[in-house]
1. List every residue pair whose Cβ atoms sit under 9 Å apart, with the two residues 6 or more apart in sequence or on different chains, where the first one lies in the range 146-165 and is closer than 13 Å to I187 by Cβ and the second, anywhere, is of a type outside the set (A, V, I, L, M, F, W, C) and surrounded by fewer than 18 Cβ atoms within 10 Å (Cβ to Cβ).
2. Say we look at the range 37-93 and pick out the residues that are open to solvent by 10 Å² or more (accessible area, probe 1.4 Å) and assigned to a strand (DSSP E or B); which of these is farthest from L157 (Cα to Cα)?
3. With the requirement that a residue be aliphatic (A, V, I, L, M) and modelled with pLDDT of 95 or more, what does the range 133-151 give you?
4. Could you run through the range 194-216 and say how many residues are free of Cβ contacts under 8 Å to residues at least 24 places away in the same chain, assigned to a helix (DSSP H, G or I) and out of contact with any strand residue (DSSP E or B) (no Cβ under 6 Å at 6 or more places or on another chain)?
5. List every residue pair whose Cβ atoms sit under 7 Å apart, with the two residues 6 or more apart in sequence or on different chains, where the first one lies in the range 102-113 and is at pLDDT 65 or above and the second, anywhere, is open to solvent by 80 Å² or more (accessible area, probe 1.4 Å) and among the hydroxyl-bearing types (S, T, Y).
6. Which numbered condition in (1) modelled with pLDDT of 90 or more; (2) open to solvent by 50 Å² or more (accessible area, probe 1.4 Å) is the only one that A156 fails?
7. Can you pull out every residue in the range 187-209 that is under 21 Å from E51 (Cα atoms) and either of a type in the set (A, V, I, L, M) or touching a Cys at 6+ places or on another chain (Cβ under 6 Å) (or both)?
Amino acid sequence: MVCVLILAAAAGAVAAFLILRIWVVLRSRDFTPRESLSILVVAGSGGHTTEILRLLGSLSNAYSPRHYVIADTDEMSANKINSFELDQADRDPSNMYTKYYIHRIPRSREVRQSWPSTVFTTLHSMWLSFPLIHQVKPDLVLCNGPGTCVPICVSALLLGILGIKKVIIVYVESICRVETLSLSGKILFHLSDYFIVQWPALKEKYPQSVYLGRIV
């Protein structure tokens, strides 16, 4: 009986520590200014990649190197990213020296995949996402809604919880979302450092979000 009580107390202490650590990581937004920021961008099939690349096009060369994460079967996004980087280099010769990398992880959820099985595919994707995040150790994660961003952002948060590095997570909800958040948005609203919406109706529903008008 005493052993059970000791184990229960130890488990409670660990749980309390983890909750406190998560709260500290989510509340902390201190960031040391620097000349360049390593950025990890999560791209998704279709409009998600188009929107995120438009947003990247408005950022300066200070966001370098750029790491892109796509689903392992998403060749369309890979082609769009390569075209975007070539176009950036043609427009500004200084971009020729900006490094970029494309990383691939399994999809969290395939089209028409059943929701119960999504739990297992998401866990598998997260299992492979953390080593990637640990290797890259980005200063900033930027995403806008593809399912792939959930395991990436959770892994980035875990990096801070473990005391390895605080990674700033910026989520930009898709321009298509006028009155309701996407499933990824509903999850990452509570985990991101900055949650940006592009319609005033969403700002009214989620006062803690950041409304900057249309940015893509």
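The values are calculated or read from the model by the stated rules, or taken from the named source; none is laboratory data. It should be emphasised that the depicted structure is a prediction, and the values quoted were computed from it without experimental measurement. Glycine gets a Cβ as well: all are built from the backbone with ideal geometry, and neighbour counts include every protein chain shown. SASA here: full protein model, heavy atoms, side chains in, ligands and nucleic acids out. Shrake-Rupley method; radii C 1.70, N 1.55, O 1.52, S 1.80 Å.
1. Within 9 Å, the pairs are P146/G46; G147/T118; P151/H124.
2. This residue is R66.
3. We begin by selecting, within the range 133-151, every residue aliphatic (A, V, I, L, M); these are 133, 136, 140-142, 150.
Result: I133, V136, L140, V141, L142.
4. Of the residues in that region, 3 qualify.
5. These pairs meet every condition: R107/T73.
6. That leaves (2) as the condition not met.
7. So the first thing to find is which residues in the range 187-209 are under 21 Å from E51 (Cα atoms), and the list is 187-189, 192-203, 209.
Matches in the range 187-209: I187, L188, I196, V197, A201, L202.
Residue-wise test of (1) touching a Lys or Arg at 6+ places or on another chain (Cβ under 8 Å); (2) more than 30 Å from T121 (Cα to Cα); (3) modelled with pLDDT of 90 or more; (4) not basic (K, R).
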| residue | (1), (2), (3), (4) |
| --- | --- |
| G12 | no, no, no, yes |
| F17 | no, no, no, yes |
| V42 | no, no, yes, yes |
| L86 | no, yes, yes, yes |
